[in-house]
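The values are calculated or read from the model by the stated rules, or taken from the named source; none is laboratory data. Please read all numbers here as calculations on a predicted model, not as lab measurements. Here Cβ is always computed from backbone atoms with ideal geometry, including for glycine, and neighbour counts include all displayed protein chains. Calculation scope for accessible area: heavy atoms of the full protein, side chains included, ligands and nucleic acids excluded. Shrake-Rupley method; radii C 1.70, N 1.55, O 1.52, S 1.80 Å.
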Amino acid sequence: MSWPDSIHAGETEQPEPLVRRVLAPNPSPYTYTGTQTWIVGAGKDVAVIDPGPDDAAHIDAILRAVGEARVKAILCTHTHRDHSPGSRPLAVRTGAPIMGCAPLVLADDGPRADAAFDPLYAPDHVMGDGETVAGDGWTLEAVATPGHTSNHLCFALLESGALFTGDHVMKWSTSVVSPPDGNMGDYMASLKKLYEREQDRVYYPAHGPAAENPHQLVRGMMGHRKAREKQILKLLTEAGPVAVPAMVDVMYKGLDPRLHGAAERSVLAHLFDLEQRGEALRSAAATDQGEAAWMPA
Ligand SMILES: [Zn+2]
């Protein structure tokens, strides 16, 4: 399979007969080369997975790739702004229903990265775990994978063994897990869920190259998170009470400063998970900056 690392925004590439990708023009430290919109189907109708940002040139590029086929379903893996806003102009221009993940409900008033969310996302139909949608020669099954966000879904293409993994598992980077909507315990459970699936031959993530050794990749991700957890417990034991920014400085040496905030969110997600499991505690003493400090339970 050919997998050029550098297709340009607006270009289409076809890694296998039923699957095409179109790259959106939104590269960044969080999106890598940009969001990849996946078009599934080669017959009279297709599904579009993760239409991406609301960007007129990108919607045009998707419709050029779709050509004469009918768009039968617009599927969203989750409601981050680089994934779902394009669903609305695409629905207007094709008449297709928006399906897939649930709209996001943020009930709590804790710290959150809600600038990343698409509050206008309005699905015509929310797909449950195991639910399928089918068209001419293709069947896509929703695989509930909460963790990166609480509403995250992957989609399995039953005809070919491809799994569209959204932001749950990517080869270029680990997934950001940002509380309160992102949940490390859920994320680990969703990694295990993919690890136990025998049927997946290749992963097509929303950002970056395909993964042709999915089990190896997921095992590596699980190991990485376990190693982070160990590192955190060691830090708490040796240096606690300690605040999150100071932990990131120690744990992520050489990190792109633009990603410091995201790394802090992931460390916090680990700490909440450890707290829930009775292995970490928030110290009553705050640091100079007023940050909560953490110590071993
Ligand atoms: Zn995301």
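Values for this structure:
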read-out	value
Criterion (part of a loop (DSSP other than H, G, I, E, B) and more than 16 Å from the ligand (Cβ to nearest atom)) met by exactly one of GLU159, GLU229, GLU238	GLU159
Of all residues making up segment 124-135, the number that are part of a strand (DSSP E or B) and surrounded by fewer than 15 Cβ atoms within 10 Å (Cβ to Cβ)	2
Residue selected from segment 25-53 under the condition small (Gly, Ala, Ser) and free of Cβ contacts under 8 Å to residues at least 60 places away in the same chain, by the criterion most open to solvent (accessible area, probe 1.4 Å)	SER28
Unique match (being closer than 30 Å to GLY34 by Cβ, open to solvent by 70 Å² or more (accessible area, probe 1.4 Å) and assigned to a helix (DSSP H, G or I)) among ARG219, ARG265	ARG219
Count of residues meeting criterion [open to solvent by less than 10 Å² (accessible area, probe 1.4 Å) and assigned to a loop (DSSP other than H, G, I, E, B)] in segment 136-156	4
Members of segment 170-215 found to be away from the ligand (no atom under 15 Å from the Cβ), open to solvent by 50 Å² or more (accessible area, probe 1.4 Å) and in a helix (DSSP H, G or I), listed by number	ALA189, LYS192, LYS193, TYR195, HIS215
Selected residue (only one of ALA61, ALA56, ALA107, ALA9 is open to solvent by less than 50 Å² (accessible area, probe 1.4 Å), of a type in the set (A, V, I, L, M, F, W, C) and either at negative phi or modelled with pLDDT of 95 or more (or both))	ALA61
Residue among SER87, SER28 that alone is within 16 Å of the ligand (Cβ to nearest atom), within 28 Å of PRO146 (Cβ to Cβ), in the same structural domain as THR165 (by TED's automatic domain parsing) and in contact with a Cys (Cβ under 9 Å, 6 or more places away or on another chain)	SER87
